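> The structure follows.
Here, each number is a calculation from the coordinates, and none is a lab measurement. Keep in mind that this is a model prediction, so the values were computed, not measured. Positions of Cβ are backbone-derived with ideal geometry, glycine not excepted, and every protein chain shown enters the neighbour counts.
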Amino acid sequence: MKEIVLLGSTGSIGTQTLQVAKLHNIKVKALSANSNVNLLAEQVREFSPDFVCIYDKNKYEDLKLLLSDTDTKILCGKEGLCEISAIPCDITVNAIVGMAGFMPTVSAIYAGNNIALANKETLVVGGEIIKRLAKEKNVNIFPIDSEHSAIFQSLLAGQGNKPKKIILTASGGPFRGFSSEQLKSVTKEQALRHPNWVMGAKITIDSATMMNKGLELIEAVWLFDVLPEQIEIVVHPQSILHSAVEYEDGSVIGQLGMPDMKIPIQLALTYPERFVTNTAHLSLTDIGSLTFEKPDEDVFSCIGLARKAIRIGGNMPCIMNCANEAAVDMFLKDKIKFYEIPEKISFLMDKIRYTETISPEIIEQTEREVKEQMK
Ligand code: NDP
Ligand code: MG
């Protein structure tokens with residue numbers, strides 16, 4: 001029986017991870033949320049972890065009250081989050097949204113825990129640091145992101161042969177085929193309606209702007225040690241081919257399956273074994289046809305911004321990520337329009353102080369500077 005710590009247990013990936021844990025009797029040693037104390041308390045009652053952490057310190061007393069008759073130790077804040085992520089276990093699952101997931105990942109790696117990583121922002125803001133530390137501590141990072149799980153699986157078939165190219169697939173989001181003019185008038189409700197996946201609000205907006213694919217490109221650079229130029233983004237609206245790898249001999253090896261995050265979540269927890277899942281299996285004849293097209297990078301300019309950020313390096317991907325998080329937050333609060341998201345990001349990439357090197361302190365400083373600018 002494996003033991004896990006689960007960060008971000010109340011979210012879309014977090015709740016699905018708990019379904020997988022339940023199905024396969026995986027012991028959950030710790031849980032965490034930002035502020036959703038009610039769901040977190042329910043999860044504690046069901047899974048009886050040793051520790052629980054609520055990030056928002058204002059909710060600590062509420063959680064304490066809700067769990068006063070349980071033995072679970074309650075922690076709070078960033079310190080609490082870093083403490084639980086380092087609890088000895090087989091895998092720390094990081095399902096937090098946003099760059100708040102960075103320090104807990106660092107803390108888990110320092111403790112020698114393997115990581116199942118959904119939190120792509122960790123690698124976008126500090127991929128170089130994470131990669132170096134993971135190597136030093138001999139820690140594995142198993143991707144949960146469906147595309148990266150597919151690439152991970154496709155690379156296994158290469159038996160150590162280097163990939164020539166990575167084919168990173170994208171659904172294209174709700175606005176696939178739209179012109180820049182049409183994007184001017186889209187609403188929040190439309191942006192939140194993803195055609196293939198039900199996910200948290202932030203990644204759903206990232207999918208609509210296609211910044212999600214930009215973040216995933218950077219995620220792939222760090223996870224698989226490839227150059228950004230080796231990654232081709234291909235729009236595949238059916239989300240059945242989750243990504244693929246091309247080898248020198250022209251063979252393309254990919255992973256296909258129904259669009260259900262429980263499949264990559266489970267593989268990250270049980271690798272190298274594959275167990276039964278309670279999800280629908282793929283019938284290619286039911287699906288009928290799979291289509292592929294080039295992304296329109298003129299309309300979805302976030303892809304180009306991500307390419308630029310990783311090419312420049314240093315804290316530029318971090319600036320881009322912070323700006324994106326702030327812009328998406330403003331959009332969700334109806335403070336800016338959809339088309340203003342890439343404009344804000346581009347503006348801040350030019351404006352915020354660039355540094356060639358990256359460290360946890362620089363990441364924090366960059367975040368502070370972006371927040372200051374966005375006020
Ligand atoms: P959700 O918004 O559904 O859940 C986020 C989780 O993180 C919640 O438990 C939330 O707590 C917690 N959280 C939010 N802010 C903080 C914070 N500042 N500190 C600590 N915890 C926090 O997100 P998703 O599950 O959709 O996404 C999680 C990550 O996985 C993202 O990085 C996303 O890009 C990635 N991912 C998601 C996929 C999906 O299908 N959803 C697919 C591939 C990748 P609370 O509930 O209290 O707010
Ligand atoms: Mg993905």
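> Which residues, counting only those in segment 305-320, are aliphatic (A, V, I, L, M) and touching a helix residue (DSSP H, G or I) at 6+ places or on another chain (Cβ under 8 Å)? Steps first, please.
Step one: list which residues in segment 305-320 are aliphatic (A, V, I, L, M), which gives 305-306, 309-310, 312, 316, 319-320.
Within segment 305-320, LEU305, ALA306, ALA309, ILE310, MET316, ILE319, MET320 qualify.
> What tally of residues in segment 218-249 results from selecting those that are touching a Lys or Arg at 6+ places or on another chain (Cβ under 7 Å) and either part of a helix (DSSP H, G or I) or closer than 21 Å to ALA118 by Cβ (or both)?
Within segment 218-249, the first condition is being touching a Lys or Arg at 6+ places or on another chain (Cβ under 7 Å), and the residues that meet it are 219, 222, 228, 230, 232-233, 235, 237, 246-248.
Restricting the remaining residues to those that are either part of a helix (DSSP H, G or I) or closer than 21 Å to ALA118 by Cβ (or both) gives 219, 222, 228, 230, 233.
Qualifying residue count for the region: 5.
> Does segment 241-258 contain any residue that is touching a Phe, Trp or Tyr at 6+ places or on another chain (Cβ under 6 Å) and either closer than 30 Å to CYS89 by Cα or of a type in the set (A, V, I, L, M) (or both)?
So far as segment 241-258 goes, no, none of its residues is touching a Phe, Trp or Tyr at 6+ places or on another chain (Cβ under 6 Å) and either closer than 30 Å to CYS89 by Cα or of a type in the set (A, V, I, L, M) (or both).
> Tell me which of these TYR339 doesn't satisfy, since it passes every other one: (1) surrounded by 15 or more Cβ atoms within 10 Å (Cβ to Cβ); (2) under 29 Å from VAL106 (Cβ atoms).
Here TYR339 clears every test but (2).
> Residues in segment 182-203 that are buried (at least 16 other Cβ atoms within 10 Å of the Cβ), away from ligand 1 (no atom under 13 Å from the Cβ) and more than 17 Å from ASP329 (Cβ to Cβ): how many?
2
For every residue, the table says whether it meets (1) farther than 26 Å from MET316 by Cβ; (2) within 17 Å of the chain's Cα centre (by Cα); (3) not hydroxyl-bearing (Ser, Thr, Tyr).
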position: GLY77; (1), (2), (3): yes, no, yes
position: ASP90; (1), (2), (3): yes, no, yes
position: ASN140; (1), (2), (3): yes, yes, yes
position: ILE166; (1), (2), (3): no, no, yes
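> Now, a different point. Looking only at segment 258-291, count every residue that is closer than 17 Å to VAL234 by Cα and not β-branched (Val, Ile, Thr) and tell me the total.
3
> Inside segment 1-28, can you point out the residues that are on the phi < 0 side of the Ramachandran plot, crowded, with 19+ Cβ neighbours inside 10 Å and not in a helix (DSSP H, G or I)?
Within segment 1-28, ILE4, VAL5, LEU6, LEU7, SER9, THR10, GLY11, ILE26, VAL28 qualify.
> Those residues that are out of contact with any Ser or Thr (no Cβ under 6 Å at 6 or more places or on another chain) and on the phi > 0 side of the Ramachandran plot, I need them from segment 225-252; list them, please.
ASP225, GLY250
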